[in-house]
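Step one of this worksheet: look at the structure below.
The values are calculated or read from the model by the stated rules, or taken from the named source; none is laboratory data. A quick note: this is a predicted structure, and the numbers were derived from the prediction, not measured. Don't worry about glycine lacking a Cβ; one is built from the backbone with ideal geometry, like all the others, and counts go over all protein chains shown. Each accessible area value is taken on the protein alone, full model and side chains, heavy atoms only, with ligands, DNA and RNA left out. Shrake-Rupley method; radii C 1.70, N 1.55, O 1.52, S 1.80 Å.
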Amino acid sequence: MQIRGYASRFHEVDDGGDCVHRGAFLRSLVRRPTQDIKMLWQHDPSRPIGRWTSIREDSQGLFVQGEILDAVAQGREAAHLIAAGVLNGLSIGFKARKARRDPHTGCRDVLAVDLWEVSLVTFPLLRSARLDSSN
């Protein structure tokens, strides 16, 4: 099953208080090839479910495209849940390399990250981080 969507969107505050800014992923995407950024189930490193074929920053955020592997039991389950419209969340696993706290909002402005993985999740911290429903 092919999937795509936004794993992060710029200048939106997530439920954890982070606000990722444009350019935050650029260095990481140059240093870490797409195949090294893992597709996980619910951020569980013991449960990879596919592979990302394209990850890029655009004007809106971090856009990802990939394929869920049906040879993996969790991949088959995820594909069925996506097809049924039950699962559509995306979430990034990263280490902040450069960030600052906004004294007015209390939010953390994330300016540079090391991106490790993008997961399919039930409840994304960034509510707009979703699969494209036209898959």
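Things to note:
- So THR122, is it more than 16 Å from the chain's Cα centre (by Cα) and over 22 Å from SER28 (Cα atoms): no
- Of all positions in segment 126-133, at least one carries a residue that is under 18 Å from GLY50 (Cβ atoms), touching a residue at least 24 places away in the same chain (Cβ under 8 Å), touching a Lys or Arg at 6+ places or on another chain (Cβ under 6 Å) and not in a strand (DSSP E or B).
- Checked against the criterion of being hydrophobic (A, V, I, L, M, F, W, C) and in contact with a helix residue (DSSP H, G or I) (Cβ under 7 Å, 6 or more places away or on another chain), the candidates VAL118, VAL113, VAL86 yield just one match: VAL113.
- Residue count for segment 75-86 under the criterion of being within 26 Å of GLU12 (Cβ to Cβ) and open to solvent by 40 Å² or more (accessible area, probe 1.4 Å): the result is 3.
- Filtered residue count, segment 52-87, keeping only those that are touching a Ser or Thr at 6+ places or on another chain (Cβ under 7 Å) and outside any strand (DSSP E or B): 1
Rundown of residues vs (1) touching a residue at least 12 places away in the same chain (Cβ under 8 Å); (2) among the polar types (S, T, N, Q); (3) open to solvent by less than 60 Å² (accessible area, probe 1.4 Å), yes/no style:
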residue: GLN65; (1), (2), (3): yes, yes, no
residue: ALA73; (1), (2), (3): no, no, no
residue: SER91; (1), (2), (3): yes, yes, yes
residue: ALA96; (1), (2), (3): yes, no, yes
residue: PRO103; (1), (2), (3): no, no, no
residue: ARG108; (1), (2), (3): yes, no, no
residue: ALA112; (1), (2), (3): yes, no, yes
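- With respect to being more than 14 Å from VAL121 (Cα to Cα) and in contact (Cβ under 8 Å) with a residue 12 or more places away in the chain, SER28 fits the description.
- For TRP41, the conditions (1) closer than 23 Å to SER128 by Cβ; (2) more than 14 Å from the chain's Cα centre (by Cα) are fulfilled apart from (2).
- Screening segment 126-135 for residues that are in contact with a strand residue (DSSP E or B) (Cβ under 6 Å, 6 or more places away or on another chain) and over 14 Å from GLY66 (Cβ atoms) and picking the one that is most open to solvent (accessible area, probe 1.4 Å) gives ARG130.
- Number of the exception - VAL72 against (1) out of contact with any Asp or Glu (no Cβ under 7 Å at 6 or more places or on another chain); (2) more than 19 Å from PRO124 (Cα to Cα); (3) at pLDDT 95 or above: (3)
- For segment 20-51, a tally of residues being in a strand (DSSP E or B) and either surrounded by fewer than 20 Cβ atoms within 10 Å (Cβ to Cβ) or of a type in the set (A, V, I, L, M) (or both) returns 11.
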